[in-house]
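Some notes on the structure that comes next.
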Amino acid sequence: MFENYSLAPPDPILGLAEAFQKDPRSNKVNLSVGVFKDDIGATAVLKSVKEAESRLWNTESSKSYLGIDGLASYLTSVKHLLLGKVIDPSRIAAIQSCGGTGALRVVAETIAGQAGQSRIWVSQPTWTNHHAIFEAAGLQVQVYPYLAKSEIALDFSGMMNTLAKQAEDGDLICLHACCHNPTGVDLTLEQWQVLAAFLAERRLIPFFDFAYQGFGDGLREDTRGLHEVLKLNPEAVICASFSKNFGLYSERVGAGLVVTRDAQTSASVLSQLKQNVRANYSNPPRHGAAIVALILEDDQLRSEWEAEVDAMRERICSMRSLFVSTMQRTYPQRDFGFLLSQKGMFSYTGLNAMQADWLRNERGIYILGTGRINVAGMSVGTMDYLCQSIAECLEATSPAVAL
Ligand code: LMR
C-alpha cells in the first residue's frame, strides 16, 4: 500500500533547519528558522522558566490529564496577557493548544466545520505554513497584497482596496498582531484604526496570529493593534504562541481564543473547539502551560520574565543596527537601512532565491529562499563574515539578476 507514496518536498523553513544541522562547516550561520539566539548562538532556557520549572518540580503532585480545553489558570492568565481588560472574559471561548500552529489549526478547522464560513484572507507574503494549515483545515485561502513593490514598506492602500473589493461578509481576515512574519513590516496605530473600522463596517472577522508579543515594541505596546480592532469588532479570533517570548519552543505552548458577542455564544463555540480537540489529540500537555501560568501569576517571576523579554527585544534591535552599519561599511552600494524600521525577528532583505542558494552553498549561511532572515540569529562575532558574504554574493549574482 505505501509503495506508491511520493516523496514530499522538505518544509521551506524547518527543512532548511534540518539541512543546517547536517552541514559540517564550522563557520555556518543559521538565519532561517525563527528561533531566538543569544550572542554565542545558544537558545538558552529563560531564567524565569528555569525557576518556574524548579518550583513545579517541588510542588506538582499529579500527571493526570488536563481538561480538553487545558489548564484553567493558564487560560485565565493568557486572556489577561493578550486582552487586558478590553473584553469581558465570559465572551471568550479559549483553549490551550499545541503551540500557535495547533491553535490556528483547531480554530480554523472548527470554523470551517460550521456552515457558511469558508474563506480566509492572508497577506501576500505570509508565514508559509499559514497556507498549509488553513487549507488542511478546510478553509479556502485568498491573498491580499501586503508589501509595496520596493518590498520594504507596507502597501496599505493595496491591502485595503483588495479587501474592500473582494472580501465578503463573514470572511476571515488573517492579521499578524505584531512583528509580521516574514517581512517585519507592521501597520501603524492609525492604520490599525482604519482597518478596525473597515472590518466592523464590512462584517469581516479578524483572525489574529500573535506569535511575537514583546519582540516589537514591548509586551503591552504590541497588543495595541489587536486592542484597536477589538474595540470596534464584537467577534474575533486570536491564536497565540509562547514559543518565542517564553522560549518554550519544544514545549508547544499556545492558545486559541474566539471572541464572541455574549457568554452563551462563547459556551457553544467552546464546546465545538473541545470536540475538535478531543478528536485530534484529546487534551493538551501540561508542562509548558503550567510554566507560563506560574510566571504570569507570580509577581517576582513575572517581572523577571518581562525583563528577559525586554532583553531579547533589545538584542534583536542591536543586531539590526549592527547589520545595517556593517553592510554600509562593507557594501555601501546597497542600502539596508530599512531594516531599522522593521519589527521583530524577521526581515525581508530583498535577496532572491538564487542569492539565498549562493549564500548557503558558498558560505554556509542559511536564509529562506524568499530572502527572509532571522535577525535574532545574528551575532557580533559572525557579523563581519555575514556582511562580507552578502557583499560577495551581491557582486557575484547581480549581473545575472539584471539579465
Ligand atoms: C518561523 O517562521 O521560522 C517560525 O515560526 C518557526 C516555524 O515553525 O516556521
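Descriptive notes on the structure:
- Inter-label distance, nm, simple model (7 Å from Cα along the C-beta direction), Glu362/His80: 5.4 nm
- DSSP beta bridges fully contained in the chain are about 45 percent antiparallel.
- Extended-chain gain in nm, criterion 0.36 nm per residue less alpha-carbon gap, Ala44 and Asp310: 94.2 nm
- Val143 long-range amide H proximity, modeled H, under 5 Å: Val122
- Neighbours of Leu147 by Cβ distance under 15 Å: Lys/Arg scored +1, Asp/Glu scored -1, total 0.
- Model label sites at Arg261 and Glu190, defined 7 Å from Cα along the beta-carbon direction, differ in position by 3.4 nm.
- Separation in nanometres of the label points that stand 7 Å from Cα toward Cβ, at Arg278 and Asp88: 2.8 nm
- Dipole magnitude of the chain about its Cα centre (Cβ charges: Lys, Arg +1; Asp, Glu -1), debye to nearest 20: 260 debye
- Taking a point 7 Å out from the Cα of His287 in the direction of its Cβ, the residues of the range 42-63 whose backbone N falls within less than 20 Å of it are 43-63.
- Phi to ³J(HN,Hα) by Karplus 6.51 cos²θ - 1.76 cosθ + 1.60 over the range 4-15, Hz, x for Gly, Pro: 8, 5, 8, 7, 6, x, x, 5, x, 9, 5, x
- Cα-based reach from Lys274 at 29 Å (exclusive), listing lysines while leaving out same-chain residues under 8 positions away: Lys63, Lys79, Lys85, Lys231, Lys244
- Cα gyration tensor category, rounded, prolate or oblate, for the range 114-225 with a/c compared to 1.5: rounded
- Using a Förster distance of 51 Å, the FRET efficiency for Ser318-Ser271 (Cβ separation, nearest 0.05): 0.60
- Across the chain, Cα pairs under 8 Å and at least six residues apart give a relative contact order of 26 percent.
- Amide H within-cut-off set for Ala148, under 5 Å, with H built and near neighbours excluded: Ala153, Leu154, Asp155
- Relative packing of peptides 52-63, 374-385 - highest average C-beta neighbours within 10 Å first: 374-385, 52-63
- The length gained on full extension between Arg25 and Ser398, counted as 0.36 nm times the residue separation minus their Cα-Cα distance, comes to 131.7 nm.
- When you count the other C-beta atoms within 10 angstrom of each residue and take the mean per peptide, 194-207, 331-344 line up highest first as 194-207, 331-344.
- If the chain linking Ser73 and Phe2 were pulled fully straight, counting 0.36 nm for each residue of separation and taking away their Cα-Cα distance, it would gain 21.1 nm.
- Taking the C-alpha atoms only, the angle from helix 99-113 to the longest principal axis of the chain is near 60 degrees.
- Summed over qualifying helices (DSSP H, 4 residues or more, each -39500 (n - 2.57)) and divided by its residue number, the chain shows a 222 nm mean residue ellipticity of -14500 deg cm²/dmol.
- Distance from the Cα centroid of the range 351-403 to that of the range 33-48 is 22 Å (rounded to whole angstrom).
Every number here is computed from the coordinates shown, using simple stated rules; none is lab data. In this text the structure is predicted, and so the values were computed from the model without any measurement. Note that each Cβ is placed from the backbone with ideal geometry, even for glycine, and that neighbours are counted across all protein chains shown.
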